[in-house]
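Okay, so here's the structure we're looking at.
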């Protein structure tokens, strides 16, 4: 069975298994590293689908225990919002187009 | 800045139960949910629940949801829908974006996080083709929107979600071609599994999906047998004629708000991964922040409701709304019902995993 690695792990940013394994082999072996180098986990869903999968890949390739790799740091806002929604009390008089 | 006594984030079974309990005790509660309708996943649970009478066993999730909402209305609980909780600052200030356009900060004396969980994904060549979806998504399509996701289904995962959704897909008129389970044993409750088996659906244990093929949607799937190291065994591939692949590979607690707020994490593989540490009363390492439901470890709707009651009552007690004795009586009753749910072959493991969290010393 030829192993196909050219499918997406991070669908939002279209990062493949091959790309992720490659950067781990280059020594980028934390979730943050992989994210900064490949943008995996930086898209619309903010890693909600792929972060656990990438953690497992890192753990399997490096032998690090999974609990040391899983994501525990997050930043606000935890949902993707439009800039106009960020202003306190803003947006009420803002108009689309 | 707006002020409320208790802000509950997430209006599923856990959040609704927490809000009801805190409101019954007399606290002013604000319940927020990012969806347009409250109820979380309850309104797609058309099957009857397990447990005993006091757990509303035999009642369908959808009816439990309606009862909870009616009670919330009677108690005049303030509900914000289309309201996304985006952050928690200084342990008390909840930043909420309403209707995707307006930021509001609500200062809360107590915050109860009932954000639920997200379905795990399984990645294989072809998984991003239309037709591959979470089993929960398929359940939403058939039971809420009354739309079949496809005609010929492959279910990946034989746990309760996989089995219940398989059965409901059959009821909705789809043909479930196979259920594959990577583990050597089936994972779901016997009652549901037997129903699917009796309907003639083939089960493949120690099997996984290897590949989905198709040009612009799924047209077939290849499954393969796994050895005892979970590696595919060459030569055991089988091609299945399916147009839909449902993934039921477990859930992960939605912990972003808790961890971004500074709640201490703890690893609990059985309960879905990293969860915020919490004590018996459901308080996190930040005393103003409580948890209920899947965010504190993935279980099921009936346990989520008990945990909601425990969290809601604890929050109300910590604000002085109930005296010590009333609290002890109410809390112990909820905890006792909870322990009954966490018993038996499946429940005992969850009970042990929960005890490990509560028993873990902080720091």
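The values are calculated or read from the model by the stated rules, or taken from the named source; none is laboratory data. Computed from a predicted structure; not experimentally measured. Every residue, glycine as well, gets a Cβ built from its backbone with ideal geometry; the counts of neighbours run over all protein chains shown.
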Self-check item: Count of the range B:269-278 residues which are part of a loop (DSSP other than H, G, I, E, B) and either within 11 Å of another protein chain (Cβ to nearest Cβ) or touching a helix residue (DSSP H, G or I) at 6+ places or on another chain (Cβ under 6 Å) (or both)
Solution: 2
Quiz item: Do you know which of the residues in the range B:92-102 that are surrounded by 21 or more Cβ atoms within 10 Å (Cβ to Cβ) and more than 21 Å from residue A:73 (Cβ to Cβ) is nearest to the other protein chains (Cβ to nearest Cβ)?
Solution: B:97
Self-check item: Residue selected from the range A:60-87 under the condition assigned to a helix (DSSP H, G or I) and within 12 Å of chain B (Cβ to nearest Cβ), by the criterion surrounded by the fewest Cβ atoms within 10 Å (Cβ to Cβ)
Solution: A:83
Exercise. Could you please give the count of residues in the range B:305-358 that are without any contact (Cβ under 8 Å) to a residue 24 or more places away in the chain, under 22 Å from the mean Cα position of the chain (by Cα) and outside any helix (DSSP H, G or I)?
Key: 1
Quiz item: In the range B:76-88, which residues are farther than 17 Å from residue B:255 by Cβ and part of a strand (DSSP E or B)?
Solution: B:78, B:79, B:80, B:83
Quiz item: Does the range B:199-213 include one or more residues that are away from chain A (no Cβ under 13 Å), in a loop (DSSP other than H, G, I, E, B), touching a helix residue (DSSP H, G or I) at 6+ places or on another chain (Cβ under 8 Å) and surrounded by 14 or more Cβ atoms within 10 Å (Cβ to Cβ)?
Solution: yes
Exercise. Could you list, in sequence order, all residues of the range B:251-261 that are at the interface with chain A (Cβ under 10 Å from one of its Cβ atoms), surrounded by fewer than 24 Cβ atoms within 10 Å (Cβ to Cβ) and outside any helix (DSSP H, G or I)?
Key: B:252, B:254
Self-check item: Residues satisfying the stated conditions in the range B:184-230, i.e. under 18 Å from residue A:4 (Cα atoms) and in contact (Cβ under 8 Å) with a residue 40 or more places away in the chain
Solution: B:208, B:209, B:210, B:211, B:212, B:213, B:214, B:218, B:221, B:223, B:226, B:230
Exercise. Test residue A:53 against the criterion of being over 20 Å from residue B:257 (Cβ atoms), within 12 Å of chain B (Cβ to nearest Cβ) and in contact with a helix residue (DSSP H, G or I) (Cβ under 6 Å, 6 or more places away or on another chain), and give yes or no.
Key: no
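In the range B:75-91, which residues are surrounded by fewer than 18 Cβ atoms within 10 Å (Cβ to Cβ) and either modelled with pLDDT of 95 or more or within 14 Å of another protein chain (Cβ to nearest Cβ) (or both)?
B:75, B:78, B:81, B:82, B:89, B:90, B:91
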Practice problem: Would you check which residues across the range B:258-283 are under 30 Å from residue B:57 (Cβ atoms) and more than 15 Å from the chain's Cα centre (by Cα) and list them? | Solution: B:268, B:269, B:276, B:278, B:279, B:280, B:281, B:282, B:283
Quiz item: Are any of the residues in the range B:112-129 more than 18 Å from the chain's Cα centre (by Cα), touching a residue at least 40 places away in the same chain (Cβ under 8 Å), crowded, with 21+ Cβ neighbours inside 10 Å and more than 8 Å from chain A (Cβ to nearest Cβ)?
Solution: no
Exercise. Could you list all residues from the range A:1-31 that are free of Cβ contacts under 8 Å to residues at least 40 places away in the same chain and part of a helix (DSSP H, G or I)?
Key: A:18, A:19, A:20, A:22, A:23, A:24, A:25
Quiz item: Out of (1) in contact with a strand residue (DSSP E or B) (Cβ under 7 Å, 6 or more places away or on another chain); (2) without any contact (Cβ under 8 Å) to a residue 60 or more places away in the chain; (3) within 14 Å of chain A (Cβ to nearest Cβ), the odd one out for residue B:266 is which?
Solution: (2)
Practice problem: Have a look at B:281, B:361 and point out the one that is part of a loop (DSSP other than H, G, I, E, B) and either touching a residue at least 12 places away in the same chain (Cβ under 8 Å) or in contact with a helix residue (DSSP H, G or I) (Cβ under 6 Å, 6 or more places away or on another chain) (or both). | Solution: B:281
Quiz prompt | Filtered residue count, the range B:144-160, keeping only those that are at pLDDT 95 or above and touching a helix residue (DSSP H, G or I) at 6+ places or on another chain (Cβ under 8 Å) | solution = 8
